[in-house]
1. Taking the beta-carbon count within 10 Å as an exposure proxy, list Met257, Met95 from fewest neighbours to most.
2. Provide Thr47, Thr66 in ascending order of the number of other Cβ atoms located within 10 Å of each residue's Cβ, fewest first.
3. Using θ = phi - 60° and the Karplus form 6.51 cos²θ - 1.76 cosθ + 1.60, what ³J(HN,Hα) does each residue of segment 278-291 get, whole Hz, x for Gly and Pro?
Amino acid sequence: GDPPICYLISTTAVFSGDASIELSYANQTFSGLPNTERGLYHYEGVTWVEITDTVLTEKRKIKGRTSEFSPFAVFEKTLPVPETDGYLILSDGDMDLAALSFADGDVHSNGDIQLRKGDPSVYRGNFSAVGEVTIRKRNTIEGDVLALSIDNDGEITGVQTSGTPADAVPLPVLAGFAHGAQDVEVAKHATVDLLPGAYGDVEINRDGTLQLHSGEYFLKSLEGLRRSKLEILLNTEQDPVIINITTDLEFGREMEMTSPAGEAVSSKVIFNCLQNREVKIGRYARLLGSIIAPEAKVSSFKEIEFRGQIWAKAVEIGRGSVLLHHTSTGTLPKRTGSSEPVADAAIPVDYRLA
C-alpha cells in the first residue's frame, strides 16, 4: 500500500493453536487495478506468507489467523488475469452493434452478437461468441469469426468457424471499494482541479471542466452533462488515473475527454464500476480509457468516438460510432460541434489480427 506500513504486534497472553487478527488499511491506498485484491501477510523468517481469512472492503479492514506474532502487513496481490487485454469489447451477455462507422479491435461475447444493417460498416478484428453471431447486410468483418452459429448476410474476409462455441471469457474481478462523502459540482464554464481521494457525487455541468490527476479516485457517482470536459493530467512518471465508481457513471451528450498526452492517454485511464445500473454514453461523446463494468450494461447513443476498451455485463453501441482499441494506429476522427467526422484519413489502416 501507499504508504507502506508494517504492523509489529506482540502478546503476553498464553495461547495454543491459531489466534485471530484484524487490521485496518484505512490510511493506505492501493492501485485498484482489475484483478487485484488485498491480502494479509505475516513475515516468517525469510518470506511473507499470506494468512488472509476475510477482507472487509467497505470498512477497509482485513482479518486473518496466525500462530505467531510480529510483523504483519497488508499487500495488494494480483489474481490470475483472464485473457482480455486484446479485446476492444468484451461482453458477458449479449452485444448489439448498430451500424458503427468503424471499429478496430477484437470482440467477444459470452452470449450472442448482433451487427445490425451497416451504413456501410467496417469491423477490423476477430469476432467470437459462445452463442450466435448475426451479421446483417452492408457489414464487413476484416477478420475471423468463431461462434456456435453464424447468420451472415454481410462479408467476412477471414475464416468462419461455426458449430463449436467459443470458450467463455470471464470478465475481470474488481476489488471492492467504498466512496467518500464530499460531493463535488463543477459549475457551468468553470474548471475544477480535483486531487485523488474519496468523494461522493461528482457532477460536471454544461461546458464545465473537471481535471483529474494520476492516482486513485473513489466516487459514488460521476456524471458529465452536455459539452462537459474531463481533462486527464498524468504525473511525470505517467502513472494511471483510476476512477472507482460505486453507484453511477454517465457521460453526457458531446462530453469530451482530453489530455496534454493526446489519445495515447487512453491506456492510462481506468473506470472501475461496481454499479449494476446502466452506464450511459451520450451522442457525440468523445471518450478515452477502459470502462470495466462486470455487473452493468454499457450503452451509447449514436455517433460516439471512443478509444480504449469496454468490458461489461452487456454492450450496446449506437449507429455511426467509431471505436478504436488502445493500440490501434491512427486517431479518432475530428468533429466540429455535433457534425459528421470531417476526415476519414485518420482511420487506422494497418491493424494486425492477433
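1. Met257, Met95
2. Ranked by crowding around the Cβ, least crowded first: Thr47, Thr66.
3. Once θ is set to phi - 60°, the couplings for segment 278-291 become 4, 8, 10, 10, x, 4, 6, 5, 10, 10, 9, x, 9, 9 Hz.
Coordinate-derived values only; no laboratory data. Fair warning: this is a prediction, and the values are worked out from it, not measured in the lab. Don't worry about glycine lacking a Cβ; one is built from the backbone with ideal geometry, like all the others, and counts go over all protein chains shown.
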